[in-house]
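Worksheet for the structure shown next.
We did not get these values from a lab; they are worked out from the coordinates using the rules stated. All of these numbers come straight from a predicted model, not from anything done at the bench. All Cβ positions, glycine included, derive from the backbone under ideal geometry; neighbour counts span all protein chains shown.
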Amino acid sequence: MTAISKNNKYFGPNLHLAEDSAIPLHHQIAEAVFKEIVKLRVPSGTCIIPERMMAQKLNLNRSTVHKGYMKLLEDGVIEQRNGGRLYYISKDISNKYKISLFPSIGIVMPYKMSTYINPSNFMTLDYLAGIMDEASEIGFSVTFISLPSLDEDKKIIHEWAENLFSKLSGLIYLGCRSGENDTATELLLNEKSIPQVFLTGISNLPHISSVLADPKPGLLSATQHLRENGHSNVGILSFEVNKGKEFKSFARDRHQTMLQAIRETGLNCPNEWIAQKCDTRDNIRKELKKILSKKEHPTAFLCQNDEVAANVSLVLHELNVKIPDEISLIGFDDARYAVDTVPQLTTVKVPRYIMGRKSVSLLIDLLENINNSKALKLYVPTSLVIRSSTGKVPAPRKVFAL
């Protein structure tokens, strides 16, 4: 914040006055100071340089500066404390200008828009719909933030970031691009003058809040559903989710939560029924053959997500294993294609639209309590959607010759 003096004691705005203007100088001073506070997002409680120092800086008489300060005081932009002579930026105006003057929320989209509207990735559109609906209902606009390229000149990136922060009330992240030396992302993440919220992940930085799906309710419903249908042996088909540099995905620990739900429901899941390399169809085929060829094997599987479940369904069909007559299958996400698989997937639903709305409401809560720099985590419960990929446990249990 270049307008803060080197000793960080006072905020000294850079003012440019027009002495030949019909607008009185003290009104110009008040307006210019206010605009600098807004532009630089100066925190409430910051002390403005005293009238004497401002008069010297502007080469004006002190009475003119005093009138300007009185106008700021009258408008509630600044305040005095305990009868002292110094002036401080008021808390009310600090909160107010962040919401009312620039009512726009930035959505950081690290990849091209075509990536998000690809039919295989429609889930992102559900988050976007929630964000935009909630924002419009409370009078906020939405700005899509396209990040500069990784090899862009650092000076240009800094200018881009400074201009961006002056126009936004907050940031919501829909993912984070990978790569070293990402100056643009680092500048955004380290900015503390506006609140920031990450959807579906947890930041390593203490000032960035998160909106997450809580997998436990949906997974417990899933395991209870299996138990009610007579299943006692349940396997897990997952894959390792990479640990991001800036954020940890809420999907990273999902297989552990699956295992907890299985055990809390009183079902069996020994280690040999847990496959954690199901990232391709070939790997899924290899893992299924290994698990199902045993005399004692699962009669149902919990899958890392619906994509894994859809591939499992195809592989089981290739192996002449019937769903749900011989194996029951449960996915995770409730992706749009979950109803297009044969049979349709029973799945744990991630409330993406609601999470999008919650990310905006959390951002507004943070704006209204801007001096509370502690990050917040908001968990939205998942639920179970029962379709035709789950059924009664087979009797007698079949030994597969794969």
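For this structure, a couple of remarks:
- Cα shape, region 214-350, gyration tensor, a/c 1.5 rule: rounded
- Helix 91-100 vs. the chain, principal-axis angle (Cα, 0 to 90°, nearest 10): 60
- Neighbour-count order for Thr299, Thr64, fewest beta carbons within 10 angstrom listed first: Thr64, Thr299
- Cα centre as origin, Lys/Arg/Asp/Glu Cβ charges: the chain dipole, Debye: 880
- The angle between the Cα long axis of helix 154-165 and the longest principal axis of the Cα atoms of the chain comes to about 80 degrees, rounded to the nearest 10.
- Cross-link pairs beyond the 23 Å C-alpha cut-off, checked among Lys248/Lys349; Lys35/Lys112; Lys289/Lys322; Lys71/Lys167: Lys35/Lys112; Lys71/Lys167
- Reachable aspartates and glutamates from Lys294, criterion Cα separation under 18 angstrom, eight or more residues apart if same chain: Glu272, Glu326
- Beta bridges assigned by DSSP with both partners in the chain are antiparallel in approximately 25 percent of cases.
- Helix 254-264 and the longest principal axis of the Cα set of the chain meet at an angle near 60°.
- The local environment of Glu318, defined by Cβ-Cβ distances under 11 Å, has a net charge of +3 under the rule Lys, Arg +1 and Asp, Glu -1.
- Projecting the Cα atoms of Val234, Val339, Ile78 onto the dipole axis of the chain, where Lys and Arg carry +1 and Asp and Glu carry -1 at the beta carbon, places Val234 farthest toward the positive end.
- Stokes-Einstein diffusion for region 25-99 at 10 °C, viscosity 1.306 mPa s, with a Kirkwood radius from C-alpha pairs, works out to 129 µm²/s.
- Local electrostatic count, Asp340, Cβ distance below 14 Å [Lys/Arg +1, Asp/Glu -1]: -2
- Across region 294-311, the residues whose backbone nitrogen lies under 18 Å from the label position 7 Å along the beta-carbon direction of Asp340 are 305-311.
- Residues of type aspartates and glutamates that Lys358 reaches as a straight line, Cα spacing below 18 Å, ignoring anything fewer than 8 places off in the same chain: Asp126, Asp133, Glu134, Glu137, Asp214, Asp333, Glu368
- Computed [θ] at 222 nm, deg cm²/dmol, the chain (DSSP H ≥ 4; -39,500 (n - 2.57); rounded to nearest 500): -12000 deg cm²/dmol
- Under the Debye formula (equal points on every Cα, no solvent term), log10 I(q)/I(0) of the chain at q = 0.07, 0.08, 0.13 Å⁻¹: -0.46, -0.56, -1.05
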